[in-house]
Amino acid sequence: MKRKYIKSYCFISLIFFLFSCDFNKNESNSIIHIDIEGSINDFMKIYLSEYADSIWYVPLECRPDHPILWNSSELFGISGDFIFDSNGKECFLYDKNGRFIREIGKLGRGPGEYLGISSISLIEDKIYLHDYYTDDLIEYNTDGAFLKRYKSGYTADEKYRLEYGDATMLNDSLIFGCIENRLGSEEYKALVIDKQGQIKYSYKNYIKFPLAPGVKGVRVAGSPIIYTLGDKIIFKEFLNDTLFRLDKHFRLTPEYVFDFGNYKQPLSERGKKWDFDKLGSYMTLINFFDIGDFLILECDFNNYFPAKRLTADIIKLPGQDDITVGYNTTIALGICNKKNRELSFSEPTSTDNRLFTSGFYNDIDAGPRFMPGKMINDSTIIMKIRFDHLINHIKSNDFLNNIPKFPERKEQLKILVDSLQKADFDNPVYMFCTFKN
């Protein structure tokens, strides 16, 4: 994920904003405005124990014949009694305690096979994999049996392809997804389609812009926020200020407006080629969680992120100049009180420890700072952790010098990591966190 006008331009931008919100006069009064620009310097230590009831860890069973390795994409999740995870080439099913059950499908060109996985949905007893090479949607039972292949995949009416990773299964028959505005003039910003590729509901795109001379198409430097949780469907385009909820009547209703002010990429830059120096000067919202009386926001601060690695990483590429990486992350975690709309960000830390740069300060067991990954119900969120990063955290001063509220929990975490390391474990570990209501 990546990243004063004259009065007439401000007026035009306002019109674009109003149209993009898809709301009527009666709905507009209920929209919550979050002032991010005015809060970007409000850093404080936000402790996990203030918000969380409990945390626990689930290592995914290591199988030499089925290694997960690591995939930066978010091909993981939990539904009911199952956990699913993928390295983009294989899909693995586990029970809720992390014990391996089976592989779902396999690489190949046969009836129940795929060439690459871009998304996974587990709905009741069915698993749906999207093959990004063929654009096929493949359906399985949780017992691993192949059921059906849908050639339409994530493409509607044979011309609107929903970006892989930017779509979600609403139920066992409908798909909701975002259409990236690469030409600046797309008719729709999102669609609901069925598994046969027929459009059921469409949502107009009102934010349009011209392409610069010589530019044939552009891409935004990040992905939309789009996920389904029970009867809640959340949608926010990467560069739009407004976050919508898809209601039971398939209407997009605006709920929140996130104001980045001067830190937002202006519309006048959208039709140009990427200028990486400029991209670094913009901020974006990359994740959002609605928990009871507060919101958890994950914002990419880019060049404004106030922490760096103590020792820069040097990446060597054959035949090319070395790349110096000075950041573990540029993502800051914010907490917003929905009642008074006060927003504060958790103070980042300059460290070589990848699990201690940003997120909630873990004062429960001194484990990793918690950076939410995916919600699995109204109060529980999971964070996927690389095991080598967890080993380094346990060895770091960030862990050794941390005196948590529950020292015995700290010792239990150390024993868990030591035992896994002795068993040559190298799969991901899931950190579960249940938040207070």
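Return the residues of the stretch 338-355 that are in contact with a helix residue (DSSP H, G or I) (Cβ under 9 Å, 6 or more places away or on another chain), in a strand (DSSP E or B) and buried (at least 20 other Cβ atoms within 10 Å of the Cβ); say none if nothing qualifies. Once the filter is applied, which keeps residues that are in contact with a helix residue (DSSP H, G or I) (Cβ under 9 Å, 6 or more places away or on another chain), in a strand (DSSP E or B) and buried (at least 20 other Cβ atoms within 10 Å of the Cβ), the stretch 338-355 yields LEU343, PHE345. Screening the stretch 120-225 for strands (runs of 3 or more DSSP E) wholly inside it with 1 or more residues that are charged (D, E, K, R), modelled with pLDDT of 90 or more and under 25 Å from LYS374 (Cβ atoms) returns the ranges 126-131, 136-141, 188-194. Determine, yes or no, whether ARG245 is part of a strand (DSSP E or B) and surrounded by fewer than 19 Cβ atoms within 10 Å (Cβ to Cβ). So ARG245 fits the description; yes.
Taking SER118 as the residue in question, decide whether it is of a type outside the set (Asp, Glu), in contact with a Ser or Thr (Cβ under 8 Å, 6 or more places away or on another chain) and either more than 26 Å from LEU285 (Cβ to Cβ) or exposed (fewer than 12 other Cβ atoms within 10 Å of the Cβ) (or both).
So SER118 fails the test.
Scanning the stretch 226-238 for residues that are farther than 16 Å from VAL192 by Cα and surrounded by fewer than 20 Cβ atoms within 10 Å (Cβ to Cβ), we see that the one that is modelled with the lowest pLDDT is GLY230. Is there a residue being assigned to a strand (DSSP E or B), of a type in the set (D, E, K, R) and closer than 21 Å to ILE175 by Cβ anywhere in the stretch 227-242? Yes, the stretch 227-242 contains at least one residue that is assigned to a strand (DSSP E or B), of a type in the set (D, E, K, R) and closer than 21 Å to ILE175 by Cβ. When residues in the stretch 83-116 are screened for being in contact with a Lys or Arg (Cβ under 7 Å, 6 or more places away or on another chain) and within 22 Å of ASN171 (Cβ to Cβ), 2 of them pass. Kindly provide the set of residues from the stretch 72-107 that are in contact with a Ser or Thr (Cβ under 8 Å, 6 or more places away or on another chain), assigned to a loop (DSSP other than H, G, I, E, B) and either surrounded by 17 or more Cβ atoms within 10 Å (Cβ to Cβ) or among the charged types (D, E, K, R) (or both), ordered by number. Scanning the stretch 72-107 gives a single hit, LEU75. Within the stretch 315-337, if we keep just the residues that are touching a strand residue (DSSP E or B) at 6+ places or on another chain (Cβ under 6 Å) and outside any strand (DSSP E or B), the residue that is nearest to MET371 (Cα to Cα) turns out to be THR330.
Being assigned to a loop (DSSP other than H, G, I, E, B) and either at pLDDT 85 or above or not aliphatic (A, V, I, L, M) (or both) is the filter here; which residues of the stretch 56-71 pass it? Hits for the stretch 56-71 are LEU60, GLU61, CYS62, ARG63, PRO64, ASP65, HIS66, PRO67, TRP70, ASN71. Checked against the criterion of being surrounded by 15 or more Cβ atoms within 10 Å (Cβ to Cβ) and touching a Gly at 6+ places or on another chain (Cβ under 7 Å), the stretch 46-57 contains not a single residue that satisfies it.
Any residue that is charged (D, E, K, R), within 24 Å of ILE233 (Cα to Cα) and within 22 Å of the chain's Cα centre (by Cα) - is there at least one of those in the stretch 155-162? Among the residues of the stretch 155-162, at least one is charged (D, E, K, R), within 24 Å of ILE233 (Cα to Cα) and within 22 Å of the chain's Cα centre (by Cα), which makes the answer yes.
Restricting the stretch 371-412 to residues that are in a loop (DSSP other than H, G, I, E, B) and of a type in the set (A, V, I, L, M, F, W, C) leaves a set whose member that is modelled with the lowest pLDDT is ILE376. Checking each residue in the stretch 180-201 for being surrounded by 14 or more Cβ atoms within 10 Å (Cβ to Cβ) and β-branched (Val, Ile, Thr) picks out VAL192, ILE193. Residue-level analysis places GLU103 among those that are of a type in the set (Asp, Glu), closer than 23 Å to TYR133 by Cα, modelled with pLDDT of 90 or more and touching a strand residue (DSSP E or B) at 6+ places or on another chain (Cβ under 8 Å).
Conditions tested, residue by residue: (1) out of contact with any Ser or Thr (no Cβ under 7 Å at 6 or more places or on another chain); (2) under 22 Å from ILE36 (Cβ atoms).
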position: ALA190; (1), (2): yes, no
position: TYR201; (1), (2): yes, no
position: LYS216; (1), (2): yes, no
position: PRO224; (1), (2): yes, yes
position: PHE244; (1), (2): no, yes
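With the condition kept exactly as written, say whether any residue in the stretch 413-425 is farther than 25 Å from ASP313 by Cα, in a loop (DSSP other than H, G, I, E, B) and modelled with pLDDT of 95 or more. No: the stretch 413-425 contains no residue that is farther than 25 Å from ASP313 by Cα, in a loop (DSSP other than H, G, I, E, B) and modelled with pLDDT of 95 or more.
The values are calculated or read from the model by the stated rules, or taken from the named source; none is laboratory data. As the structure is a computational prediction, the values presented were derived from the model and not from experiment. Please note: Cβ atoms are built from the backbone with ideal geometry, for glycine as well, and neighbour counts cover all protein chains shown.
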